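The block underneath contains the structure these notes are about, expressed in structure tokens.
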Amino acid sequence: MPGRAEWIGAREMRDERAARWWGRAPSPFAAGVAAITALAVAVRVGYVLVVRRGEPFGLDSVSYWLLGKNLATGRGYADPSALLAYIHTNKPTAGFPPLFPGVLAAFRVLGVGTARSGAVAAAVVACATVPLVAVLGRRLLGARVGLAAAAAVAVWPFLVASDGSLMSETLAVPLTTAAVLATVWAAERRSLRRWAVVGLLFGLSSLARSEAPVVAVCVVGVTLLAARGVPVRHRLAAATVAASVAVLVITPWAVYVVRDVGSSALLSSNSARTLAGANCPTTFRGSRIGLWDIACTPVVDDLRTDEEMAARLGRKQAQRYVSRHVFRVPLVVGVRVARTFGLYAPRQQRDFEVVESRDRTWQWFAWWSYLAVLPVAAAGLVLMIRRRVAVAPVLGVLLGVVAVSVVTYGNQRFRLVAEPEILLAAVAAVALWRRPVPGQVVATSPGAGMAVSGQR
């Protein structure tokens, strides 16, 4: 047993280390990230209180807020529409995954009493994307790229509008960004614990947005397929661990859905309505091709209709229509993807998306900004590939966005989880600003090449 002198000496050493840590001045990178994050908070709060001042929230935003209110007041995860129509009816629902309503319920408990103030609080939480992008950029290509990417994300119009819309993307975007960062981290070493972290983060993002599993499969799949020199057994083990942890995170919600709503609802019963509204005559031809039409969703008699039955009807209706119009699927799918990436009927797309608690003028400004930055981001992607940086997770997110659009419909909101990849534009901007002299070697992060080349 150590004596009293040894205990005292060990304690003094710990105290000395703590004093050195707390007394240490923040690094320039950390100070820059803190300042940029403060800017992001100011911009988003200003957007909610000034740009969207007096404008009503959309139906989905109101539903999220009321779901959070029901949770905070002890009514459980109850359908807000049923409670409005039948005062004493607590109808279980799986209309939306639970993570964002749960956060809004926590806001209510803490005293956030209105939807406007809830949007402000959610926008502040969404600013977590900024430091995550900064760390991701630094890990891939250095501190300059990280700070430039963080600054771009802080003022990026599409993300500002999303973060202030009281929608679940305020959680889905930072969680997906964290999962991509974790994937880059996991690809650097053969550590299954790191892939467990990847699964945890993608599981949480799936509890925020029901299409997140599609993005997760693409990110993990592309990263592991691109990991040259890594044994197949390790790739399979990594994928199994990530998937197992993600399923474990989702399981409590899935149990609730199957028990109280019905197995046909899956992660969200709205997914069936999405499929039905995206696969019908008005969205397969004409001016609304590639969009979503609420008039195509199954009609229910009243609010007491079983949610599982409505989900089953919507899914069957979509399957029946697609099977009868297979020849038009390639065209419709192409339009969906083009709409999601802002390359088809931008004015119509703006008007379609305004109902999702977004300002019309701001959306138009956001689209022009996106169009201007798009070629710069493409140049950044080329530079990353040429420098053999771990670009596979970044490409996986983009592939996931494409896959979601192919299965559902065209909406720029689906692209939001990939918007932090504006760091691609930051790569090109920094490269143009600071061109290396002839013969200079460009350094990358220690394990950055593994996801592409398998080098250690």
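Laboratory data are not the source of any read-out in this text; all were calculated from the coordinates shown. Bear in mind the structure is a predicted one, so any value in this text is a computation, not a measurement. Quick reminder, even Gly has a Cβ in these numbers, built from the backbone with ideal geometry, and neighbours come from all protein chains shown.
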Cα gyration tensor shape of the chain, rounded if a/c is under 1.5, else prolate or oblate by comparing a/b with b/c: prolate
Three-way shape label, region 209-358, alpha-carbon gyration tensor, a/c 1.5: oblate
Unpaired by the 4.7 Å Cβ criterion, cysteines found in the chain: CYS127, CYS218
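With r defined as the distance between the Cβ atoms of ARG75 and ARG189 and R0 fixed at 35 Å, what FRET efficiency is calculated, to the nearest 0.05?
0.15
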Pairwise label distance in nanometres, VAL382 with LEU331, each label 7 Å out on the Cα-Cβ vector: 3.3
Net lengthening on full extension, LEU225/SER369 (0.36 nm per residue, minus Cα-Cα): 48.5 nm
Overall form of region 147-263 per C-alpha gyration tensor (a/c, 1.5; a/b vs b/c): oblate
Dimensions (Å) - region 218-268, Cα atoms, principal axes, largest first: 47, 16, 12
For region 176-190, Karplus couplings with θ = phi - 60° (6.51, -1.76, 1.60), whole Hz, Gly/Pro x: 5, 4, 4, 5, 5, 4, 5, 5, 4, 5, 5, 6, 7, 9, 8
Alpha carbon centroid spacing (whole Å) that separates region 270-300 from region 337-395: 24
Vicinal HN-Hα couplings computed from phi for region 243-251 (Karplus, 6.51 cos²θ - 1.76 cosθ + 1.60; Hz; Gly/Pro x): 5, 5, 5, 4, 4, 4, 5, 7, 3
Nearest 10 degrees, 0 to 90: helix 423-433 Cα axis against the chain principal axis: 40
Percent RCO, i.e. relative contact order, over the chain, from Cα pairs under 8 Å lying at least 6 residues apart: 20
Helix 59-72 axis, angle to the chain major axis (alpha carbon atoms, nearest 10°): 70
Length gained when the stretch VAL155-ARG320 is fully extended (0.36 nm per residue, less Cα-Cα span): 55.0 nm
